[in-house]
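Since the structure comes first, as structure tokens, the remarks are kept for the end.
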Amino acid sequence: MTTDSHIQTGDWASENPEETFRRGEQVGTQLKGGEIILLDGPLGAGKTLFVKGLASALGIDADEVTSPSFTLVNPYTGRLPLFHIDLYRLDEGASAAHAVDLEELLSNERAVIVMEWAHRLGQYRLPKNVWRIDIKGDGDDRRVISIYQANPLISPNDN
Ligand code: ADP
Ligand code: MG
């Protein structure tokens, strides 16, 4: 298996909402298609705002990007197809993957899948090209956005 590290990894501070949006944009410009991005962080951390930035870099209107916590999956079409998923309302485990029909979404090899509350996937096995983004901080605090490549053979719960 080749190691493909086209998304820059590391930790970034975000001092305000604009910086969170811009960090998302930065990742968006690096996408080639086929990435699975597991996004975690507390409620109000800025996960959806980050996805707005990412979507905007794909040529999708950021105002169209809204939280999928009720719809579960929001599809968008830009430079690449984007599926924005939120597992917040789902119970942990295979049923969460089933509820969003993850298998079907993964069959689209050009699609970018961005998932909020990704740890609710539990032990679900993902294909390669998996990235984790954790946002720490909430409220008026600064955020720290950590981006790293996940071992695709382990579940999102493992480090
Ligand atoms: P989540 O999807 O993680 O629940 P949202 O993206 O819906 O969070 O909301 C995040 C909130 O945090 C927004 O009000 C946004 O303006 C704010 N925010 C994002 N980044 C920062 C930051 N660096 N400093 C202060 N507020 C921020
Ligand atoms: Mg959200």
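Of the heavy-atom accessible surface of region 11-159 (probe 1.4 angstrom), what whole percent is carbon and sulfur?
Values: 3460 of 7140 Å².
Answer for region 11-159 is 48 percent, counting heavy atoms of protein chains only.
Restricting things to alpha carbons, find the Rg to Rh ratio for the chain using the Kirkwood radius for Rh. Don't jump to the answer; show the numbers that get you there.
Numbers: Rg = 14.2 Å, Rh = 15.4 Å.
When Rh is taken as the Kirkwood radius, the ratio is 0.92.
Please work out the ratio of the alpha-carbon Rg of region 59-138 to 2.2 N^0.38 Å and round it to two decimals. Write down the numbers at each step before the final one.
Values: Rg = 12.6 Å, N = 80, 2.2 N^0.38 = 11.6 Å.
Normalised by 2.2 N^0.38 Å, the Cα Rg of region 59-138 equals 1.08.
Quick one: accessible surface of Leu38, probe radius 1.4 Å, all protein chains present, in square angstrom to the nearest 10.
Looks like 10 Å² after rounding.
The values are calculated or read from the model by the stated rules, or taken from the named source; none is laboratory data. Keep in mind that this is a model prediction, so the values were computed, not measured. Surface areas here come from the heavy atoms of the whole protein model, side chains and all, with no ligands, DNA or RNA. Shrake-Rupley method; radii C 1.70, N 1.55, O 1.52, S 1.80 Å.
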